[in-house]
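A quick write-up on the structure given underneath.
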Amino acid sequence: MGFSLLFWAIKSTDLSSVGSLLSKLGFGVFAILSVYIVINLMDSIAWRYALKPDEADGVKIWSLWKIRQIGEALNLATPFGKVGGEPAKAQLLKETYGLNYKQGISSLIVTRTTNLIGLVFFLAWGAILIWSSDTISGQFKTTCEWALAIFTALIFLFLFLQIIGVLEKLAKRIGKLSFIGDKAKSILKETETLSHNIADYYKSYGGRFAWSIWYSFIGWVLGILELYFALYFLGFSLSFSDLWIIEALAQLIKVGSFFIPLSIGAMESGLILIFSSMGMTPNLGLTLSIVLRIKELAWIALGLALSGKLVFKK
């Protein structure tokens, strides 16, 4: 599916024009990469707030940054819906700070939730800007609003199920079945503990939960600066509202195409549709996607290099 979308994207644009635009990027790629360092830093701070106070004691932001970089490299390169690198993060957190696996996984589920809630707030403002835009068609606006509504409902349902401990209740019921073996019961017991830890965090540490959402939101907003630099060095200057709209729609596409590794094809065709719907050339959409691919590949390489260093160090 991804390669089919990519083929359509290539056929829909003028590759010579795309090449001419890319030639303008030059050293601007380093400005784009530098912004992502800060974005990852915000997400690392959000993760630290997703830990309980006793768990976060002594945990350094820089260490979390490196652990996140390794995990996100695996997340980007695997078709597991942004969870391919989460076990690696939990293992590295255990090895670095002695937190057990359940504590690590609990914090990762919480920070994934706060990250998505931060994205909901970011997309909500984007939806307001989309609706007030004169350049976007009514049909495209309606599609975006429905996509945002469904996404928001799913995220808050996910949060609600965590708070009420539905996984813990389900594990208890399954564990009472007569045909469940001892090994399965042991796994279910661990699942109960994990679910209880997550629910306890939400009920006991509302302040930390709010701060985690805030830093996640700041990370999403900084994505606009990354987009600004990319377009600036390509020779385009857009308004702040247009940048917010493009970034919001691009992130919505990424979320919707989580099952495709690197969102290959989906991001390219999506950006072409976004720029076309806003009255701009589709060539710019494909060019921007290539620039973002360069950034992603650079950070995947860094994440894998960091993981390799840890392996060989042992």
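Derivation of every value follows stated rules applied to the coordinates shown; laboratory data play no part. Please read all numbers here as calculations on a predicted model, not as lab measurements. A quick note on method: Cβ atoms are made from the backbone with ideal geometry, for glycine too, and the neighbour counts reach across all protein chains shown.
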Sorted by Cβ neighbour density within 10 Å, fewest at the top, the residues TRP62, TRP244, TRP214: TRP62, TRP214, TRP244
Net +/- balance of residues flanking SER44 in space, Cβ distance below 12 Å, scoring K and R +1, D and E -1: +3
With Cα atoms, 0 to 90° folded angle of helix 166-175 axis to the chain main axis: 50 degrees
Using alpha-carbon coordinates, inclination of helix 282-313 to the longest axis of the chain, degrees: 40 degrees
Volume per residue of the C-alpha convex hull in region 162-237, rounded to whole Å³: 133 Å³
Degrees, to the nearest 10: 101-132 long Cα axis against longest axis of the chain: 30 degrees
Positive minus negative residues near LEU238 (Lys, Arg vs Asp, Glu; Cβ under 14 Å): -3
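Using a cut-off of 10 Å between beta-carbons, work out the net charge of the residues near LEU64 (Lys and Arg +1, Asp and Glu -1, LEU64 not included).
Numbers: positive: ARG48, LYS60, LYS66, ARG68, LYS89; negative: ASP43.
Value of the local net charge: +4.
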CD proxy at 222 nm, helix term only [per DSSP H run n ≥ 4: -39500 (n - 2.57); per residue of the chain; nearest 500]: -27500 deg cm²/dmol
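So how do 273-284, 169-180, 26-37 stack up, highest first, on mean other-Cβ count within 10 Å?
Details: 273-284: 18.6, 169-180: 12.1, 26-37: 14.5.
Averaged packing, sorted descending, gives the order 273-284, 26-37, 169-180.
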Over the chain, relative contact order from alpha-carbon pairs under 8 Å, at least 6 apart, %: 35 percent
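Name the shape class, rounded, prolate or oblate, that the alpha-carbon gyration tensor gives for region 1-154, where a ≥ b ≥ c are the square roots of its eigenvalues, rounded holds for a/c under 1.5, and otherwise prolate holds if a/b is larger than b/c and oblate otherwise. Could you put the intermediate results ahead of the total?
Working: a/c = 2.13, a/b = 1.56, b/c = 1.36.
Prolate shape, in that a/c is at least 1.5 and a/b is the bigger ratio.
Rg to Rh for region 199-314: what is it, with Cα atoms only and Rh by Kirkwood?
On the way: Rg = 17.6 Å, Rh = 16.4 Å.
So for region 199-314, dividing Rg by the Kirkwood Rh gives 1.07.
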Relative contact order, percent, region 147-303 [alpha-carbon distance under 8 Å, six or more residues apart]: 14 percent
